[in-house]
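The values are calculated or read from the model by the stated rules, or taken from the named source; none is laboratory data. Keep in mind that this is a model prediction, so the values were computed, not measured. FYI the Cβ positions are ideal-geometry reconstructions off the backbone, even for glycines, and counts take in every protein chain you see.
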Amino acid sequence: MDLQGLAMTIQLADILEDLRQDHRNMSVMLGLLEREVKRIRDGKTPDFELMHDIMRYMTVYSDAVHHPKEDVLYRAMRDADPDLAAGLEHVEPEHRRLAELSERLRDDIEAIASEAPITRDRIAANSGDYVDFLRRHMDWEERDLFPKADALVRAETDMFVDISHLDQVDPVFGSEREHSFANLLHNIRDFSQS
């Protein structure tokens, strides 16, 4: 394979490790979001800026890069071994549903910043829906789909997949962190130390 081809592809084992790391990172985001929702439910004022940063990250990275990488992985599994594809038919619809839930929540949080009449109960309910759905989705992938992908990796160690259309670096956990996420990074450090 030429160097240009290598730049556009990644070994299946590497994409699987990237996806697992993304799940760990997304779990941190969900923990922060749950903390702010608890503040709402306790009658306290949440950090809406932090909630906005979390949902901006979840839409610009998780929905736009992580889930499409999973879709690439699952298509490769389907193509390589149809027996491993059992249960894969609902992955992409779940990713679409997650994108809808995250956009709805992000829009609600942005509406609060512009002083639109969004109730705290609505924010708490939409946050809960999003967190619950994403946690169930990630748990299912960790229990069912990732082990199937591991089996494929063991069977075909040199299998590559094309992710050239998904070359965005994680803006929070990646090697080059975006300055616009400074508040989020500060909160992650505090959250991780508690």
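Tell me whether segment 145-164 contains one or more residues that are within 19 Å of the chain's Cα centre (by Cα) and in a loop (DSSP other than H, G, I, E, B).
First, pick out the residues of segment 145-164 that are within 19 Å of the chain's Cα centre (by Cα): 145-147, 149, 163-164.
Those still in the list that are in a loop (DSSP other than H, G, I, E, B) too: 163.
Yes, segment 145-164 contains a residue that is within 19 Å of the chain's Cα centre (by Cα) and in a loop (DSSP other than H, G, I, E, B).
Quick test for you: out of E110, E103, E70, pick the one residue that is in contact with a helix residue (DSSP H, G or I) (Cβ under 9 Å, 6 or more places away or on another chain), among the acidic types (D, E), under 20 Å from N183 (Cβ atoms) and in contact (Cβ under 8 Å) with a residue 12 or more places away in the chain.
E110
Only one of V60, V131 is out of contact with any helix residue (DSSP H, G or I) (no Cβ under 8 Å at 6 or more places or on another chain), at pLDDT 85 or above, in a helix (DSSP H, G or I) and among the β-branched types (V, I, T); which?
Testing whether each residue is out of contact with any helix residue (DSSP H, G or I) (no Cβ under 8 Å at 6 or more places or on another chain), at pLDDT 85 or above, in a helix (DSSP H, G or I) and among the β-branched types (V, I, T) leaves just V60.
Any idea which of E115, E49 is closer than 23 Å to L185 by Cβ, surrounded by fewer than 17 Cβ atoms within 10 Å (Cβ to Cβ) and over 12 Å from the mean Cα position of the chain (by Cα)?
After ruling out the rest, the residue left standing is E49.
Just the residues that are under 16 Å from E142 (Cβ atoms) and in contact with an Asp or Glu (Cβ under 8 Å, 6 or more places away or on another chain), please, taken from segment 75-100.
G87, V91, H95, L98
So F191 passes all but one of these: (1) loosely packed, with under 13 Cβ neighbours inside 10 Å; (2) farther than 15 Å from D14 by Cα. Which condition number does it fail?
Among (1) loosely packed, with under 13 Cβ neighbours inside 10 Å; (2) farther than 15 Å from D14 by Cα, F191 violates only (1).
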